[in-house]
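> Okay, handing you the structure first.
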Amino acid sequence: MQEKHLVCGIGNPLLKDDRAGIEVAEQLEGAIQGVATEVIYGVGFEVNDKIMGYDDVIIVDAAKMGHPPGTVLNVSVEDIFSDHKLASSHALTLGSTLKVGYKLFPEAMPKKLSIILIEAEDYFEFTKKCSAHVTRAIEQVIRLITQHFSTTCCSTTKHSCKEDFHENIF
């Protein structure tokens with residue numbers, strides 16, 4: 001059976017940099033053969049509903065962690081729980097949601113999950129345009145995701161990508 005791949009963008013479409021994940025998912029929609037995209041406007045259990053049944057999932061979200069605006073980080077569910085810089089109410093909710101999903105539905109949750117966080121400059125301004133730093137980061141994330149899914153993972157049916165996405169980001 002062919003592996004299923006997903007890019008899931010999380011954010012608020014009306015708030016400046018919080019829309020970064022949505023921008024990534026929208027720009028990748030239909031761009032990579034064999035890769036689905038989803039947009040989610042919150043980090044509740046809808047996240048699990050959207051990612052269940054996929055083999056390789058990349059979640060993209062904006063965050064405020066104290067890095068320079070536009071910094072791109074790849075974190076795990078464990079990172080969200082253990083790193084105090086990632087323990088904002090938004091990230092903690094995403095971590096909690098994912099942990100519950102893996103606890104209750106381990107067979108349905110993705111075998112491979114990457115979480116990409118883009119450091120936001122401004123979360124609060126109502127606009128449909130990201131800041132310049134975040135816009136550049138979105139372009140970088142799109143290139144990384146395209147590269148990730150352009151490896152043999154989309155044409156193989158029995159194993160996942162040869163390269164670890166986490167290593168490609170740093």
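> Relative to the present Cα-Cα distance, how much length would full extension add between residue 107 and residue 143 at 0.36 nm per residue of separation?
Computed gain between residue 107 and residue 143 is 10.0 nm.
> Greater than 21 Å separation of Cα atoms is the criterion. Which listed pairs, 64/128; 4/50; 16/99; 16/64; 64/103; 50/111, meet it?
Going by Cα-Cα distance, 16/99; 64/103 fall outside the 21 Å limit.
> If you bin the C-alpha pair distances of the range 22-86 every 5 Å from 0, what whole percents do you get?
Going from the shortest bin to the longest, the percentages are 3, 13, 21, 26, 21, 11, 5, 0.
> Below 14 angstrom from the Cβ of residue 142, what's the summed charge of the other residues (Lys, Arg +1; Asp, Glu -1)? Kindly include the intermediate steps, with their values, before the conclusion.
Details: positive: 136, 143; negative: 23, 26, 29, 139.
Here the count lands on -2.
Each reported figure results from applying straightforward, stated rules to the coordinates on display, with no laboratory input. Please read all numbers here as calculations on a predicted model, not as lab measurements. Cβ sites come from the backbone with ideal geometry, for glycine too, and all protein chains shown count toward neighbours.
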